1. If you scan the range 35-54, which residues turn out to be open to solvent by less than 30 Å² (accessible area, probe 1.4 Å) and farther than 15 Å from S150 by Cβ?
2. Looking at (1) on the phi > 0 side of the Ramachandran plot; (2) of a type in the set (A, V, I, L, M); (3) open to solvent by less than 40 Å² (accessible area, probe 1.4 Å), which one does I107 not meet, given that it meets all the others?
3. When you go through E47, E99 one by one, which is the residue that is within 18 Å of the chain's Cα centre (by Cα) and either within 22 Å of I152 (Cβ to Cβ) or modelled with pLDDT of 80 or more (or both)?
4. State all residues of the range 14-25 that are farther than 14 Å from F59 by Cβ and either open to solvent by 50 Å² or more (accessible area, probe 1.4 Å) or outside any loop (DSSP other than H, G, I, E, B) (or both); if no residue qualifies, say none.
5. Does E62 satisfy the condition of being open to solvent by less than 90 Å² (accessible area, probe 1.4 Å), assigned to a loop (DSSP other than H, G, I, E, B) and either touching a Phe, Trp or Tyr at 6+ places or on another chain (Cβ under 8 Å) or modelled with pLDDT of 90 or more (or both)?
6. Within the range 156-177, is there a residue that is assigned to a loop (DSSP other than H, G, I, E, B), modelled with pLDDT under 90 and surrounded by 15 or more Cβ atoms within 10 Å (Cβ to Cβ)?
7. Given (1) in a loop (DSSP other than H, G, I, E, B); (2) closer than 26 Å to T58 by Cα; (3) aliphatic (A, V, I, L, M), where does A109 come up short, assuming only one miss?
8. Being open to solvent by 30 Å² or more (accessible area, probe 1.4 Å), farther than 21 Å from L14 by Cα and among the β-branched types (V, I, T) is the filter here; which residues of the range 112-146 pass it?
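The values are calculated or read from the model by the stated rules, or taken from the named source; none is laboratory data. Since the structure is predicted, the reported quantities are computational estimates derived from the model, not experimental observations. When we count neighbours, we look across all protein chains shown, and the Cβ atoms used for this are built from the backbone with ideal geometry, even at glycine. Note: areas computed on protein heavy atoms with side chains; ligands, DNA, RNA excluded. Shrake-Rupley method; radii C 1.70, N 1.55, O 1.52, S 1.80 Å.
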Amino acid sequence: SPKKIKWPQIQVRLNDGWVDSFESSALFATTDAERTWAGRVSEWLKEDLSKGQRLSRTFSTEALDPYASFNKLPTCQDSKEEKEVCLKEASKIVVLVNEMCASMCDIFASTIRDNKLGTIIGAKTMGAGGNVVMHAASPVSMIMLQQTESLIVDAAGNYLENMGVEPDIATNTVNDRQKLYSATLEKAFETLAQVPAATPA
């Protein structure tokens, strides 16, 4: 998309692991902009931690990827390779989701919806947008503790965790599963045929 995509926001559980991660990026990220951004987030986390908070303030998930070129947006005119990946004016997009759609699937569906890039079809997603951290196993029972340590927040300020993404067009994906989602796919093709082309974000 030639326009900047609205990324979701994130809150993290305040602990040394997250602080260390951003401090490391502040030192070793590949560009000055990324190092500056990571350093800023690291300071926010330290401030929030010093206030006794359990969750950080919200900040853009752009800070989580030190290798992405967030400032270079495609012009859709520069090169053959760039033109091939750009949305055309007549682009129509549907994203199929169901109740087993979790984590990055939640985030992807939310990002498509928040940027008005397409139509979400199916059932509400699972709602598991945060990252899960594995902690040490109990020495006797050998039970491993896993804990969600971040929460994804959509453009409207709603948590994806435990909430999921409601589809624009709902189908009964549980009943449709035995038929290889034929009814959901049919609804997707109907939507592609009828909905006016989306304007690229």
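1. Of the range 35-54, the ones open to solvent by less than 30 Å² (accessible area, probe 1.4 Å) are 38-39, 41-42, 45, 48.
If the condition is that a residue be open to solvent by less than 30 Å² (accessible area, probe 1.4 Å) and farther than 15 Å from S150 by Cβ, then A38, G39, S42 are the ones that fit.
2. Exception for I107: condition (1).
3. On the way: E47 fails: within 18 Å of the chain's Cα centre (by Cα).
The unique qualifying residue is E99.
4. Going residue by residue through the range 14-25, those that are farther than 14 Å from F59 by Cβ are 15-17, 20, 23-24.
Within the range 14-25, D16, G17, D20, E23, S24 qualify.
5. Numbers: open to solvent by less than 90 Å² (accessible area, probe 1.4 Å): yes; assigned to a loop (DSSP other than H, G, I, E, B): no; either touching a Phe, Trp or Tyr at 6+ places or on another chain (Cβ under 8 Å) or modelled with pLDDT of 90 or more (or both): yes.
Answer is no for this residue.
6. Taking every residue of the range 156-177 in turn, none turns out to be assigned to a loop (DSSP other than H, G, I, E, B), modelled with pLDDT under 90 and surrounded by 15 or more Cβ atoms within 10 Å (Cβ to Cβ).
7. A109 satisfies all of (1) in a loop (DSSP other than H, G, I, E, B); (2) closer than 26 Å to T58 by Cα; (3) aliphatic (A, V, I, L, M) except (1).
8. Within the range 112-146, V140, I143 meet the criteria.
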